[in-house]
Structure formats: C-alpha cells, structure tokens
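What follows is a short report on a single structure.
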Amino acid sequence: MSQRRQELAASLREVQERIQRAVDSAGRDRAEITLIVVTKTFPASDAEILYELGARNFGENRDEEGREKSQILPNDSIWHFQGQIQSKKLRSITEWANVIHSLDELAHARKIATLSAGKAHSVFVQVSLDSPNTQTGRGGVGPALLMDFLRECSMISELDLLGLMAVAPLNVDPVIAFSRLAQLRKEVIAEFPQVTALSCGMSGDFEAAIAAGATHIRIGSSILGSR
Ligand SMILES: *Cc1c(COP(=O)(O)O)cnc(C)c1O
C-alpha cells in the first residue's frame, strides 16, 4: 500500500469513527448522513484512492477542477458543487455536478432551469448565518429573505429543492450558528414538507452539525490534510 493510501485510509477511518460517535450521542441513525469528501485543491489521484476506500460523494468548489476529477473517477461517483456560483460557469457545472449546494441567486436558479434539459437538477439553497453587519462574502441568502427565495425557487419545476446549506461563520460558536440553522429548517419544512435536507458541518464543526440535524456533511482537511 502506498504511503498516501495508508494516510487517507487512517484519516477516513478516524473521521468515520467521529461521525459514528456524534451520531450515537445525538441518538440518530448513521444512514441519515451523507459524508461528502471535499477533494478541492487535492489531485484526482487522492479522490481515486478515496473511491477505492469506499467514498462515493465528492465535493468541489471550482468548475474546472470538479469537471476534471469527475471525468477520471468511476461513473457511480456523486459530485457536489459547493463553491460560489459564477453565472458563466453554470452550464459546465450543471453538466458534471449531480448536486449544487450553493444556490443563492434567483438568476442562477432560472439559468439552471434553462440548462436542465427536462431533467430536474438537485439543489440546496445556501443561507447566510453571518450577522448582517459582517460582510464575509461567503455567500448565502439572508435569513429574512429565505422564505421568499424558496417560494420563487419552488415554482421552477426544473429544480429539485433538497434543503438548506450553510457554512458556520468564523468567530461564532458553531452550536449557536447551527441551532439558528435548525430553526430555519423547521420553518422551511412547515411550508415545504419535501425540503428536508441540511448540508452543514466541515472539519472543524461537523459534530455540532450532526447534533443539529445535518444530513450532508462536507469534510476536507480532516481527511485529506491541510490545503
Ligand atoms: C472547503 C469547504 C469545505 C471543507 O472544509 P474543511 O474545513 O477542509 O473540512 C466544506 N464546505 C465548503 C463550502 C467549503 O468551501
């Protein structure tokens, strides 16, 4: 076994164990949670090793990089785009990404619809958990605008709305940030009973995310190392 394979096997196993412990202490079922391995900035060879180790869901932030790796890995890999969307890249992104996690503009929603060729595209709506006076540029619909945004998206039949996605703000306790997110999710489900998924949790905060009900956790550096 190559050294890299040993490293990745050990860190993946460790993350899986941490996920299981968080699932157990939250009284949840492991099957409710999809682990997305965030391979951004790492070579396709790492993604291939992780595939051989059992990973099937991969997260990427950039169109070119995601497109390239998705062409190299086997066809049953599932690709998640989670970066900031650029309108001119959307055509390409919808071609290789099975799921888009970072939808936060209506113009992008409409463009995805025109590109979908009759088949609904799976999306998460990204919500911003930043306080209104901190501009971090990490994207996301402001909570006050979220329900209206979802109403508009729900009228676009080419979108398969899966749920909410968020990134915990820096310098905020993720437990507090994710409890806010869980509250927003309740409000969403009350009006849109199908829109139940919750994409949150990264290397630094996935245990808190699992406690708050995450269904999709996006983990990079804890598995692949620091970028
Ligand atoms: C990079 C990134 C991740 C993974 O972050 P790690 O801290 O490396 O686990 C998850 N989600 C988004 C949106 C990212 O940009």
Problem set entry | Trp96 versus Gln183: modelled label distance in nm, points set 7 Å from Cα along the beta carbon direction | 4.0
Seminar exercise, completed: For region 153-164, Karplus-derived ³J(HN,Hα) couplings (6.51, -1.76, 1.60; θ = phi - 60°; whole Hz; x for glycine and proline) come out as 5, 5, 8, 9, 5, 7, 9, 9, 6, 8, x, 9
Exercise. How large is ³J(HN,Hα), in whole Hz, for each residue of region 61-72 in order, when computed from phi with the Karplus curve 6.51 cos²θ - 1.76 cosθ + 1.60 and θ = phi - 60°, using x for Gly and Pro?
Worked result: 9, 10, 4, 4, 5, x, 4, 4, 5, 5, 7, 8
For this session: Could you pull out which residues in region 31-47 have an amide N less than 20 Å from a spot 7 Å beyond the Cα of Gln3, following the Cα-Cβ vector?
Result: 42-47
Exercise. With the other protein chains left in place, how much accessible area per residue, in square angstrom, belongs to region 3-224 at a 1.4 angstrom probe?
Worked result: 47
Seminar exercise, completed: Ranking Ser2, Gln16, Leu161 by how far each Cα lies towards the positive end of the charge dipole of the chain (+1 on Lys and Arg Cβ, -1 on Asp and Glu Cβ), the top one is Ser2
Exercise. How about region 88-195: which trypsin sites (Lys or Arg not before Pro) there lie in a loop by DSSP and see at most 14 other Cβ atoms within 10 Å?
Worked result: Lys119
Problem set entry | Amide H partners (placed H, <5 Å) of Val38, local residues excluded | Gly59, Ile219, Gly220
Exercise. Amide H neighbours of His121 under 5 Å, counting only residues 5+ apart in sequence or on other chains, H built in-plane at 1.01 Å?
Worked result: Leu159, Asp160
Exercise. Roughly speaking, what is the stretch gain from Glu32 to Ser226, that is 0.36 nm per residue apart minus the C-alpha to C-alpha distance, in nm to one decimal?
Worked result: 67.1 nm
Problem set entry | Distant-in-sequence amide H partners of Ile78 (H built 1.01 Å from N, under 5 Å) | Asn57, Phe58
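Calculate what fraction, in whole %, of the accessible area of the chain sits on carbon and sulfur atoms when a 1.4 Å probe is rolled over the protein chains.
C and S fraction of accessible area: 49 percent.
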For this session: Please give the FRET efficiency for Leu115 paired with Met155, using the beta carbon to beta carbon distance and R0 = 25 Å, rounded to the nearest 0.05.
Result: 0.90
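Can you tell me the mean projection area, over all orientations, of the convex hull of the chain's alpha carbons? Units nm², please.
Orientation-averaged projected area of the Cα hull: 12.2 nm².
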Exercise. Nearest 20 debye, what's the magnitude of the dipole of the chain about its Cα centre given +1 on Lys and Arg Cβ and -1 on Asp and Glu Cβ?
Worked result: 200
Seminar exercise, completed: Calc'd 3J(HN,Hα), region 140-145, phi into Karplus 6.51 cos²θ - 1.76 cosθ + 1.60 (θ = phi - 60°), Hz, glycine/Pro = x, comes to x, 6, x, x, 5, 9
For this session: Using the structure shown, select from Lys69/Lys89; Lys40/Lys69; Lys40/Lys111; Lys40/Lys89; Lys40/Lys119 the pairs with a Cα to Cα distance greater than 20 angstrom.
Result: Lys40/Lys111; Lys40/Lys119
Exercise. Remind me, relative contact order of region 3-224 in percent, using alpha carbon pairs under 8 angstrom and six or more residues apart?
Worked result: 21
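The values are calculated or read from the model by the stated rules, or taken from the named source; none is laboratory data. No experiment lies behind these values; they were computed from the predicted model shown. No Cβ is skipped: glycine too gets one built from the backbone with ideal geometry, and neighbour counts run over all protein chains shown. With ligands, DNA and RNA removed, areas are computed over all heavy atoms of the protein, side chains included. Shrake-Rupley method; radii C 1.70, N 1.55, O 1.52, S 1.80 Å.
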